[in-house]
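Inspection log for the structure reproduced underneath, given as structure tokens.
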Amino acid sequence: CLYLIQHLLKTGQWISNICEKCTKKLVALNKPFKYVVTCVIMQRNGAGLHTACSCFWDSANDGSCSYRLEDKSMYCIVTCFALAI
């Protein structure tokens with residue numbers, strides 16, 4: 001139980017760190033894009049997790065990428081959107 005409480009207290013900071021580091025690495029590429037990074041962390045307890053996004057953009061120049069990581073206790077899904085300037 002203490003293990004779960006420690007994870008819950010750290011989750012907000014983990015999400016912030018993940019989003020900030022991803023954004024910094026994308027900006028460091030010096031490409032003509034604006035970036036949006038989202039992160040979801042959810043406890044792995046048998047509950048379902050469904051995500052979706054819808055975008056109206058220039059499919060020739062804009063794009064997105066999602067990455068999922070999981071371990072025995074949680075799921076983490078990071079999505080990055082790149083929007084041409």
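The values are calculated or read from the model by the stated rules, or taken from the named source; none is laboratory data. Please read all numbers here as calculations on a predicted model, not as lab measurements. Methodologically, a virtual Cβ is constructed for each residue, glycine included, from the backbone with ideal geometry; neighbour enumeration extends over all protein chains shown. Surface accessibility is based on the protein's heavy atoms, side chains included, excluding ligands, DNA and RNA. Shrake-Rupley method; radii C 1.70, N 1.55, O 1.52, S 1.80 Å.
Please check the chain for the longest run free of chymotrypsin sites (Phe, Trp or Tyr not before Pro) that are loop-located per DSSP (anything but H, G, I, E, B) and have at most 13 other Cβ atoms within 10 Å. Provide the component values of the computation, followed by the final result.
Details: sites that count: Phe56, Trp57.
Longest site-free region, per DSSP loop and neighbour criteria: 1-55.
Per residue, how many Å² of accessible area does the chain show with a 1.4 Å probe? Don't jump to the answer; show the numbers that get you there.
On the way: 6640 Å² over 85 residues.
Here the per-residue accessible area is 78 Å².
Given a 1.4 Å probe and every protein chain left where it sits, what share in percent of the accessible area of the chain is carbon and sulfur?
60
Compute the distance in nm between two label points, each set 7 Å from the Cα along the Cα-to-Cβ direction, one at Val27 and one at Ile85.
1.1
Counting each DSSP H run of 4 or more residues in the chain as -39500 (n - 2.57), what helix-only mean residue ellipticity at 222 nm follows after dividing by all residues, to the nearest 500 deg cm²/dmol?
Numbers: 1 runs with 26 residues, N = 85.
Value at 222 nm, helices only: -11000 deg cm²/dmol.
Under a GNM of the chain (C-alpha, springs under 10 Å), which listed residue has the highest mean-square fluctuation: Cys19, Cys39, Cys53?
Highest fluctuation of the listed residues: Cys53.
What ³J(HN,Hα) values, in whole Hz, does the Karplus curve 6.51 cos²θ - 1.76 cosθ + 1.60 give for region 73-85 when θ = phi - 60°, with x put for Gly and Pro?
Whole-Hz 3J(HN,Hα) from phi for region 73-85: 10, 7, 10, 9, 10, 10, 10, 10, 10, 10, 10, 4, 8.
Would you indicate which of (i) 15.2, 49; (ii) 12.5, 37; (iii) 23.8, 88 is the value of Rg and Dmax of the Cα atoms in Å derived from the coordinates of this structure?
The value computed from this structure is option (i).
Please turn the phi angles of region 37-52 into ³J(HN,Hα) values with the Karplus equation 6.51 cos²θ - 1.76 cosθ + 1.60 (θ = phi - 60°), one per residue in order, whole Hz, x for glycine and proline.
For region 37-52, the Karplus-derived couplings read 10, 10, 9, 10, 10, 9, 4, 8, 9, x, 6, x, 9, 10, 10, 7 Hz, x marking Gly and Pro.
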